[in-house]
Amino acid sequence: MVPSRPTFWNIPAWSEILQYLLGAGVVVFIVWVVIRHIRCWRKGTREPVPRLGAEVLKQALERLARFVLTPQRLQSDPYAFITHLGLFWGMVLLALGTAIATIDWDVFHLIFGVRLLQGAFYRVFELVLDVAGVALLIGLVLAVVRRYVLRPSRLTVPQFFGESWESAVILGLLLLVTITGFLIEGLRIQAGLMLKSAAVIANTPENMGEEGVRDATAAAAASVAPWSPVGNLVATIFRGLDASSLRQAHLVLWWIHALAAFAFLLAIPVTKANHLITAFLNVILPSSSELPTASPTIKQRIDGVLPSLTWRQRLEVSACTACGKCQEVCPAHRAGYAFTPKGTVWATRGVLMREVWPWWPATAKASEEHVWLNKDAIWSCYTCRACEVQCPVLVRHTNLVVSYRRPLVDESALADGLQEVLQNLQRYGNSFGQSPRKRADWTKGLPFAVKNANKEAVHYLWFVGDYTSYDARAREVTQTIARIFNAAGLDYGILYEKEKNAGNDVRRIGEEGLFEFLRDENLRALESATWQAIVTSDPHSYHVLRNEYGLKKPSPVGPPASTEKPHEAVGKNSNTVASQALADPPGGNGHPAKHNGDAAPLVWHVSELFWELLKSGKLTVAKKLDRRVTYHDPCYLGRYNEVYDAPRAVLEAIGCHVVEMPQHRENSYCCGAGGGRIWMKDRPGIRERPAETRVKEALSLGNVEDLVVACPKDLVMFQDAVKSLGAEDRLRVIDVASLLAQAISPDIKSQD
Amino acid sequence: MIRRIVVPVEVYRGHITEATREALVAARTVGNGVGEVVAYVYGEPPAEGTDVLELADRIIVLEDGQVGTPVAMAQAKLLRERIASSDVDLVLVGSSSWGWDVAPLLAGFLSAPLVANCQVIQHAEDVLKATCRICAGKLLVDVEITNKPTVILLLPGSYAHREVQPGKGVMERERVPASDWDARVEFKGWLEPEREDIDITQEEILVTVGRGIGQQENLELVEDLAKTLGGAVCGSRPVVDQGWLPPTRQVGKSGMIVKPKLYLAIGISGAPEHVEGMKDAELIVAINRDEQAPIFDVAHYGIAADLFDVIPALKEALVARRQEA
Amino acid sequence: MNILAVVRLVPDLVEPLVVTAEEDNLNWDQTAFTLNESDDHAVEEAILLKEKYGGHVSVVAFDFGDIDQVLYMLAAKGVDRVIKISWSHDEPPNSLEVARTLSRLVPKLNVDLVVIGCQSHTEFLGMAGPQLAVALNWPYVGVVRGVQEGGTAGRWTAFKEYPGAVLAQMEVSLPAVLGILTASQPPRYVPVSRIRAAAQSVRFETADTPAEIEEPPVKIQRVYLPPAVTHAEMLTGSEAEVAQRLVDILLARGVLK
């Protein structure tokens, strides 16, 4: 007899039937809950995802490989990575094995009377499943040790949430399934060996009843027991037992195994184990890199807590596993605020889970979840996206925070300090509450006039920005940039009083109506001017102009003096939902689209333009500076737009030796100004301001002379932090432009 | 020729207010020894500090019932007939919470003009001229006053330190029938603010320290000066960040917005964030070693010197002046 | 409870003030206007009272400048009724004109309480709130920070602010006029989307104003800007001299007592 899988050996008919009935019940339950999940997602609003096409599919496959098969974002923590590999691949193979076994028995055997799992295939099958079981077991043990012995802080959550009961249930059931699996395998092998030696096998199948056939199969399978190394080893434990004890023990354990497996299946859709499916979906499905638009007709809060979310946001929230990688890197959390990105996502998931599954036994009451969703927490976020580049399942925390902020704005539940700023922006178009006529006052100190782009055509339209126009310190850098542009012979101009705050941070605050107003005002000014490209020194303006204004490239790119209006701006009609008017959103899953190859970008950050001017020889370095510096990646330039190299290239070109801080490029640490936080008052009780943490990081490098920035808000924040730390004589905070100015011409007066 | 000037006297919790004293000084100045200065006191004058009343020629104490309770409307109404029937050319009221009610109500009752936010009054050739400071001090208006009587609400400061001759100081008493008291507004009592630390937004004199102070120990020097001046110490953000002062004492955009009478900035460079919080102070004096410090662009007076030299000298001068007085 | 809030536009001091060549007035063409701050607080207090005790809030304003934008914003806050008084002059009405016009309008409106900012930074001839109260023969309390229902005999309680944040608890019989300095809570922020929605839905009622403006009871001789102070006057000399000068200045400015 060819060894084949001894399916249902020793299982009486009633058990077999009962098991099928239970299995059917489990399937019905799962289908029912999945339908409820899908309904819950469908309650979300529309999200402008890219249309399905080859490119979208390709990106989906890439993400599948990167984030699912070899979860790249877990690699920074080898322990977690190995744990997850064991769990993931163990589970995948065992699930696959179960599927094959089902097909073998319930399709091939039942319908066609042939076996799939026999001979060589069966032997390999047994081996692979044993290895998978071991992998799973290792993963489980590692997980248990980590969660209950090592207890890294990112797995725990403050106060009330305590340890999630979900982890205990999932790990417990899986351990039970795995261990009983090996035990019944061992029992079956031992029994098979006994049956083989008892020569029951002599009978021909025709003479045996169903039970006899199964005994014979078990006996035959025992002859290939070495292919199940773990089962074979386990079998040795049972050597002393007689046949009936073996059979009894096997039946009991078989039931435990089956029930635990069913229980785990039931748990999948109602616990965080659902990330098996939701994380998978979240990774492969396309998403918009845009913030969801807020339609005034959409109710801002659901059930008093939940803001209006897109279906995609609802899905991604349910993909969260509370791994806490986001929390570890969050500057607001590290500074001591109530906010953690994990808390926000996890608490949201709790609210949604009650929608899906009202009987869900949440550890925390809704009121407790609100601690993470209340305004203190929600206003603490810097929208720096440090969390997003860490998230293994691609949750977009910052969009979620903005979604929570919108109803707060609607209810006038603003953070301290915001009210005046928003009113200033409504009234004057700048956060400083200053006269719009004073916006270009910084040009007065220059020995040359700056072109008025409202009146004459320019090649580069310089969108100056608020801090850069009104803040005394940042203005000096702005003047320096003008001097550099002049030295390079650049054809540029500014919008003078017609420029308004670009609205990036207003949008992050959640005041979408004000953002639309500011955007429309700026678009009106941009439309009536003639230009080829936009340049700005403010990363916040840069991001919103580049990605959220729906600006289209002027075509064709003609000579700078072209009198026709080559560009067109869309999205000007305030009545249309912005997303519809916007150009196709770039990329997906929060990953910004890269500039298209060598084609000149439409919106430049000054550091990119500086590098271009140096490369093309329009700027020449007169004096190498020979300084040891470190460079801080601004969130909205780096993580948001992946501009990492240009500022560094400029620094190297002018003779600076760039020493990297431990947290750099996509892991850069926010200065604490983003997301409108620069306008909010600090609350007492904060452990340490992010800017100070960052300055300390720069100081810890030793013998670095300058902390170089490329953002006016960084300049202000870090200069204050250096002062607060009393480190003025050890570290100088300076803008890239100021260093460049010193290098290209010692004559250009620049910030000290 | 000014015949008679009336000054309603405000007694706030047992003291005749500074605003009233300034109004009396102004009345003496404008009356120029000719016009009779009449002070109306509501209820029994307080036991102490009544020498201020000697600036008036006649002191009329209105007595009985609720007359002494600070109900501006009823108190103003008591003067309607008294003023209308007695050749009064001018009513001078000092700026205070009480004066802000009394002056316009009295003008209304008398159907007389009210000149508010008046900085200074000049009297030449029988023409009364007043200069009003409006729009947060950004605009001045000169007006000519012809109507008699006219009610003037004086801004504080201009008459605080004029030297004037005292008046005759004759005191009279008048009983007020209960029926004359307008009881539609009733004073029920004072409510004290609850606070742990002092509220720097309510202080009239603030001495503010910046990073220039160097170290926490030096704060004592500044606290000493503040005490001498009768003010409170506050700080810029770096000082508060250091924990040298509690956050309730932080001036600036991310701290408190203050508008004291005197803002003495010591070792403050004048970062915009800070200036935002104090630029509307009535008088800003800055002490900073750096002559180029931007604080000197907002300050009214500046001293470019080492604070450790200036502060002791300043304290000495203050103490000396106090002993003189 | 029917509350009427009076709102006025005042020159926006963020923009530099410009005076006519004749120095007889502000150059109104070059003046930007904004909502008078304490009027904003008065409306906020009215809405807070309505939210707390129920009732109805009306707002009245002269139809001057960009008042519509302000009224949209106030409507979005929760004002029930908006009345615009026609006004065809180049300059905003002075305080006396406000008091005179309102004293005719208010009796027609079935109002229990009028709230108005107790100050406006352009007021130097009269003060609108108290003079309206006198014209109506209603009681008045000014410099009020916060109002509550529930005094004795159906009166309401107003908290009048004194220096050092001391409050005088005043009971007022209705109807009354209250001059508001600050509301119990800072005026709430109104999101742009709500203002836009209000602009679509709000209906203005109109009221007439007497055709003639009364001559002010005093003669305005000159309107001018104070001499500009751009840089501190630097005190120089020895420490003792500098200190003495400073003490003299403090005495002259009335800071020292």
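Each value in this text was obtained by applying a stated rule to the coordinates, not by laboratory testing. Nothing here was measured: the structure is a model prediction, and the numbers come from that model. Because the Cβ atoms are built from the backbone with ideal geometry, glycine has one as well, and the counts that use them run over all protein chains shown.
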Simple label model, 7 Å out from Cα along Cβ direction - C:Gln30 to A:Glu497, nm: 1.1 nm
FRET E, pair A:Glu642, A:Phe280, Förster distance 30 Å, beta-carbon r, rounded to 0.05: 0.70
Overall form of region A:1-103 per C-alpha gyration tensor (a/c, 1.5; a/b vs b/c): oblate
Nearest-0.05 FRET efficiency for B:Gln215 and A:Leu18, computed from C-beta distance (R0 60 Å): 0.15
D_trans [Stokes-Einstein, Kirkwood Rh over alpha-carbon pairs] for the protein assembly as shown, 25 °C, 0.890 mPa s, µm² s⁻¹: 67 µm²/s
Paramagnetic reach from B:Ala136 in region C:37-81 [backbone N under 16 Å; point 7 Å along Cα→Cβ]: C:37-41
Filter on A:Lys455/A:Lys498; A:Lys681/B:Lys253; B:Lys279/B:Lys315; C:Lys52/C:Lys108; A:Lys681/B:Lys138; A:Lys438/A:Lys552 - keep pairs with C-alpha separation over 18 Å: B:Lys279/B:Lys315; C:Lys52/C:Lys108; A:Lys681/B:Lys138; A:Lys438/A:Lys552
Loop-located trypsin sites (Lys or Arg not before Pro) in region A:406-495 whose Cβ has at most 13 other Cβ within 10 Å (DSSP): A:Lys455
Cα gyration tensor, region B:200-324 - rounded (a/c under 1.5), prolate or oblate: rounded
Filtered GluC sites (Glu not before Pro), region A:381-447: DSSP coil and at most 14 other beta carbons within 10 Å: A:Glu411
Rounded to whole Hz, the Karplus (6.51, -1.76, 1.60) HN-Hα couplings of region B:212-228, x for glycine and proline: x, 5, x, 9, 4, 4, 5, 4, 4, 4, 6, 4, 4, 4, 4, 4, 4
Hypothetical label at B:Gln202: residues of region B:56-85 whose amide nitrogen lies under 12 Å (7 Å Cα-Cβ projection): none
Gap separating the Cα centres of region A:99-137 and region B:110-159, nearest whole Å: 103 Å
Order of C:Ile213, A:Ile237 under a 10 Å beta carbon neighbour criterion, fewest first: A:Ile237, C:Ile213
Cα-derived Rg to Rh of region C:2-207, Kirkwood definition: 0.96
Projected label distance in nm at A:Arg51 and B:Asp290, using a 7 Å step from Cα toward the beta-carbon: 5.9 nm
Debye, to nearest 20: dipole size of region C:2-207, +1 on Lys, Arg Cβ, -1 on Asp, Glu Cβ: 1060 debye
Relative exposure of B:Ser179, A:Ser541, B:Ser96, judged by other C-beta atoms within 10 Å (fewest first): B:Ser179, B:Ser96, A:Ser541
Residues of type lysines that C:Lys219 reaches as a straight line, Cα spacing below 18 Å, ignoring anything fewer than 8 places off in the same chain: B:Lys129, B:Lys148
Hits among aspartates and glutamates - C-alpha to C-alpha of A:Lys623 under 16 Å, sequence gap 8 or more where chains match: A:Glu652, A:Asp747
Helix-derived mean residue ellipticity, 222 nm - over the protein assembly as shown, DSSP H n ≥ 4, -39500 (n - 2.57), to 500: -12000 deg cm²/dmol
Overall Cα dimensions of chain A, principal axis frame, Å, largest first: 108, 55, 54
For B:Leu128, residues with placed amide H under 5 Å, excluding near neighbours: B:Ile145
Extended-chain gain in nm, criterion 0.36 nm per residue less alpha-carbon gap, B:Asp180 and B:Gln165: 1.9 nm
Fully extended contour minus Cα-Cα distance, from C:Gln169 to C:Thr20, at 0.36 nm per residue: 49.2 nm
Spatially proximal aspartates and glutamates relative to A:Lys696 (Cα-Cα < 17 Å; intrachain offsets below 8 disregarded): A:Asp633, A:Glu660, A:Glu688, A:Glu705, A:Asp706, A:Asp714, A:Asp720, A:Glu728, A:Asp729, B:Asp241
Cα convex hull volume per residue for chain B (Å³): 158 Å³
Net dipole in debye of region B:4-180 [+1 Lys, Arg Cβ; -1 Asp, Glu Cβ; about Cα centre; nearest 20]: 360 debye
0 to 90° range, to nearest 10: angle between helix B:18-31 axis and chain B longest Cα axis: 60 degrees
Fraction of beta bridges assigned by DSSP in the protein assembly as shown that are antiparallel (%, nearest 5): 30 percent
Distance between region C:108-122 and region B:273-325 - C-alpha centres, whole angstrom: 42 Å
Other-chain or far-sequence residues with amide H under 5 Å of A:Ala440's (modelled H): none
Dipole of chain B, positive end: most advanced residue of B:Ala313, B:Ile268, B:Cys132 [Cβ charges, Cα centre]: B:Cys132
Binned Cα-Cα distance frequencies in region B:4-180 - 10 Å width, integer %: 10, 42, 37, 10, 1
Tensor-based shape of region B:179-242 (alpha-carbon gyration tensor, a/c under 1.5 rounded, otherwise prolate or oblate): prolate
Residues whose placed amide H lies under 5 Å from that of B:Asn117, excluding near-sequence neighbours: B:Leu153
Axial C-alpha extent at least 30 Å, average Kyte-Doolittle at least 1.6 - helices from chain A (DSSP): A:119-145
